[in-house]
Every structure is written in structure tokens, then in C-alpha cells.
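Quick notes on the structure that follows.
The values are calculated or read from the model by the stated rules, or taken from the named source; none is laboratory data. These figures come from a predicted structure and were not determined experimentally. Don't worry about glycine lacking a Cβ; one is built from the backbone with ideal geometry, like all the others, and counts go over all protein chains shown.
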Amino acid sequence: MGRERLLHHATRRLLLLLPRSRGFSSSAGAAASSREPLHVCVVGSGPAGFYTADKMLKGHEEAQVDIIDRLPTPFGLVRSGVAPDHPETKIVVNQFSRVAANGRCSFYGNVTVGSDVSVSELQKIYDVVVLAYGAESDRSLGIPGEDLRGIHSAREFVWWYNGHPDMCNLAPDLQSTDSAVVLGQGNVALDVARILLRCTSELAATDIADYAFDALRGNTIRKVYLVGRRGPVQAACTAKELREILGLKNVRVCIKEADLVTSTADEEEIRNSRIQRRVYELLSKAATAHKGNISNDQKELHFVFFRRPIRFLPAEDGSTVDVVQLEKTCLKDGVAGKQVAVGTGEFEDLKCGLVLKSIGYKSLPVEGLPFDNYRGVVPNLKGRVLSSESENGTVESGLYVVGWLKRGPTGIVATNLHCAEETVCILLRFL
Ligand code: NAP
């Protein structure tokens, strides 16, 4: 069956089957007593969507929850975002499968909100609509050359090696260069750097997409540069993930000791945050550690601090990236927790044939839905959707939001549990 017919079929099924005992004319958000069925639609089947469904089913004994997703398969970020060498993080799908097996829960794949069905149509046929469709786009740097071949967002690369249907044809060129630059130093940056550097014999044991495994097995990349615009104290990754990449087999870690010098504000940040302290300690230790048994096929991981990308320059063919031009930075303001990177006017070139931009995910707006373009979230008050971010924003009846679409692209899978709790708690209070 062609994709169009499949979509059409799924949407028709959704619209015909879901209202069950309710008519299309009832108003969204109408009060439902504990004995009346409460029809809930959760848009998006990632962690935020499934935790919301779970909390709804437990919190309202008559709740009938339909989870819809634009993909034919459930689990969103757990399926397409979590790295294949982190199987322990994916175990949560067992819990989500138990939620899906609940007789009051259904999953409808291949239904795209915005094109197959609108938010207002959903509001007409459900008592409550909870938006949980996450962040499926990327922040951009907005610098010259960003469209050159060989430059991808980390999200695209992650979706590629995880077999996401939108990116299975990405075909990043991993065989024409020995150097890759990853821009950003958060946990996603560490994920993509680790997948590039990890021995393929270790990757073989994971659920990485077969085509990605084949491409990585033949890859020629020997050096990966992780570039941060601020210093080691401000690196956005967490200690566990940093320890893992620092301990990769057959990888030499390179950190300039001069970058580890701290200011008074840095010292205060280290005192105030256990995570920052652990990250800084690990980087300091790695800067001086020498791994024995250097072999010919050893790879290199370079942590580059105090550098921001200014432009990308093409190779002779005019279309493939060859150089990332970086500007040296220093930290301004000197107030702990608020130090920002400013350019010093000194520039340097970093040669590479692959760039992965890992500077944050971004949610996308859907027609008819209030959206804060600056923050990339749906304006909300603890999960209740507001018509606008301004003080005059009114509450949209029966419409809620959860996950990255509610609070921005931060936090681990479990963060969505607390986020869903907050949204469902307020939802049940306002029924
Ligand atoms: P992130 O943690 O927000 O890191 C973004 C990085 O990009 C930061 O280093 C940031 O630097 C940098 N950046 C942003 N704008 C930039 C610009 N214009 N120029 C240069 N650099 C820029 O985002 P993420 O890595 O995408 O991760 C998203 C969330 O998922 C995080 O909460 C993360 O912990 C979580 N996650 C967790 C795991 C795990 O637990 N294993 C795995 C993957 C993701 P500044 O700090 O200077 O802004």
C-alpha cells in the first residue's frame, strides 16, 4: 500500500473509530465525571507521550487514551534518539509496551497532525488533547556555508544510525576524510562523537541500523574534534557520558592544559554545581593521563574549548565542506552561571570533511497552534496551552502540552516522567 493510501486509511480509521460514545459536536474540555468516559488524544508516542498516557490511565479510571504518531512505529526519541550503544536507556520501552497493552489505550501510527488532521479537529472529537510531539528539527548557526555538503545536524546523523525512515538515505560521507568536527559539547555531541570513534566490533553487538554499521565499518575518520564556545567548566555534557567517551578503547584524548585554567566565576560555578565539578575533574584528569599501548590505528578525540564557528569554507569542488573557521572566545560578565562567550577577533581554521552541528534540537509549529518561535515551545502554564506567551495569553480549553514541546529540548528520558505528572495533574484538576 502506498504511503498516501496508508495515511489516508489511518486517518479515516482514526476519525471514524475514535469518538466512540461521543458525538463530534461536544465541546473540548467539557467536564467528565469519574463515571463518564474521558476521551484523550496524545499526539506523539515518545517518552513524554507514553508517560502522559500512563498517568492519564492511572489518574482517571474512565480515561480512553489514543496515542497518535506520524510514524508507523511508537516510542519516538527512545527509538530514534537514544544511541544504539545505550541499550539500558531503551529498556523503558517495556514499560511503554505495558501502557500500550492496557485495554483503554490505543496506538494509531501514520497520522500526521497538521496535514492529516488538524489540532482543532482533534479538539472537536476528544475531551482532551495533549501535544507531545517533541522536537523534530534543529537550531541553526546562521553562518555562511552552513548548507555545504558534509555538514549535517547531529539529529540527522542520530536518526540515520538509528534507522529513522526520514534519514535512512542521508548517506554521510565517512570515507573521504580523516577528520570530523562536532560543534557543541552536550550529551548529543558526545553520542555522535562516540559512535564515530567506537570500535565497530563493539557496535556490532548493538541494534544500530545495518547500513550505518556498514558505513561506519569502512569509515576513515581518525580524529574527532568536539568544539565548545565556552570552557571546560561550562561543557554541557554530564559526567557519566563524559566518563564513557574518555574511556573508549584505542582512543587518545587531547585536551590543552591551558584551557583548564579557571577564573573566580568558574570556581564559583564548580562549587555550586556537582555536575560541573565532576565534568571539570574528569576533563582535568584526562588532560594529563597517558594511555599505554599506543597502536598505529589509534584514533584521537580532541576537546576544543573557547572557539566558536564563524563560517564553513568549501573544498576545490565548491560544494563540500573543507574547513570550519573558528574564532577564539573568552568569557564575559564574570558572573557565575551567566558567563557568555564573546569573540576575541583571533581566527583559526580547522580542516575536516564532516561536520555535525550539535547545538540543540528545535520543535516545529503546527498550523493553528500557538507557538513561541523564539523559545521553540508551545506557550503554556504548567502544561495548559496558552493562546500566547504574553501576560494576556488565555488558556486554550482542553489543550495541553508535555515534554520538549512544553519546556524546550533539555533533560533525559526520565525528566519527561515528572513533566507528564505536572501536565496530567493540572489536567485532572481542570476537568
Ligand atoms: P545541550 O545539552 O543544550 O547542548 C547544546 C550545546 O550546543 C552546548 O554545548 C551549547 O553551548 C552549544 N551551542 C548552542 N548554541 C550554540 C551556538 N550558536 N554556537 C556554538 N555552540 C552552541 O543539547 P543536546 O546535546 O542536544 O542535548 C539535549 C538534551 O538531551 C540534554 O538535556 C541532554 O543532557 C539530553 N541527552 C541526554 C543523553 C544521555 O543522558 N545519555 C544523551 C543525549 C541527550 P553553550 O553551553 O555555550 O550554550
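I'd like to verify a number: residues in segment 168-187 that are touching a Phe, Trp or Tyr at 6+ places or on another chain (Cβ under 6 Å) and surrounded by fewer than 23 Cβ atoms within 10 Å (Cβ to Cβ), how many?
Total satisfying the criteria: 1.
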In segment 378-412, residues that are in contact with a Phe, Trp or Tyr (Cβ under 9 Å, 6 or more places away or on another chain), part of a loop (DSSP other than H, G, I, E, B) and not small (Gly, Ala, Ser) total 6
Within segment 408-430, residues within 16 Å of the ligand (Cβ to nearest atom) and of a type outside the set (A, V, I, L, M) come out as 408, 409, 410, 411, 415, 416, 418, 419
Here's a check for you: in segment 73-85, which residue that is farther than 15 Å from residue 194 by Cβ and not polar (S, T, N, Q) is nearest to the ligand (Cβ to nearest atom)?
77
Residue within segment 94-105 that is under 30 Å from residue 201 (Cβ atoms) and either at pLDDT 95 or above or in contact with a Leu (Cβ under 8 Å, 6 or more places away or on another chain) (or both) present:
yes
Residue in segment 188-203 that is of a type in the set (D, E, K, R), buried (at least 16 other Cβ atoms within 10 Å of the Cβ) and in a loop (DSSP other than H, G, I, E, B) present
yes
Residue set 224, 188; condition in contact with a strand residue (DSSP E or B) (Cβ under 7 Å, 6 or more places away or on another chain) and either within 17 Å of residue 244 (Cβ to Cβ) or within 16 Å of the ligand (Cβ to nearest atom) (or both); output residue 224
Filtering segment 86-104 for residues that are surrounded by 18 or more Cβ atoms within 10 Å (Cβ to Cβ) and within 16 Å of the ligand (Cβ to nearest atom) leaves a count of 1
Pick from segment 123-166, criterion of a type in the set (Val, Ile, Thr) and within 16 Å of the ligand (Cβ to nearest atom), ranking: surrounded by the most Cβ atoms within 10 Å (Cβ to Cβ)
158
If the requirement is being out of contact with any Gly (no Cβ under 9 Å at 6 or more places or on another chain), of a type outside the set (D, E, K, R) and buried (at least 22 other Cβ atoms within 10 Å of the Cβ), which of these qualifies: 355, 424, 378?
378
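Could you look through segment 360-375, keep only residues that are under 17 Å from residue 128 (Cα atoms) and in contact with a Ser or Thr (Cβ under 8 Å, 6 or more places away or on another chain), and pick out the one that is surrounded by the most Cβ atoms within 10 Å (Cβ to Cβ)? Give the steps one after another, and end with the answer.
Within segment 360-375, the first condition is being under 17 Å from residue 128 (Cα atoms), and the residues that meet it are 368-370.
So of that shortlist, the ones also in contact with a Ser or Thr (Cβ under 8 Å, 6 or more places away or on another chain) come out as 368, 370.
Working: 368: 13, 370: 20.
Applying the filter and picking the extreme gives 370.
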State all residues of segment 60-92 that are part of a helix (DSSP H, G or I) and within 15 Å of the chain's Cα centre (by Cα); if no residue qualifies, say none.
76, 77, 78, 79, 80, 89, 90
Could you check segment 257-282 and list, in sequence order, the residues that are closer than 14 Å to residue 230 by Cα and either under 24 Å from the mean Cα position of the chain (by Cα) or touching a residue at least 24 places away in the same chain (Cβ under 8 Å) (or both)?
259, 260, 262, 263, 265, 266, 269, 276, 279, 280
From the list 226, 216, pick out the single residue that is assigned to a helix (DSSP H, G or I), modelled with pLDDT of 95 or more and of a type outside the set (Phe, Trp, Tyr).
216
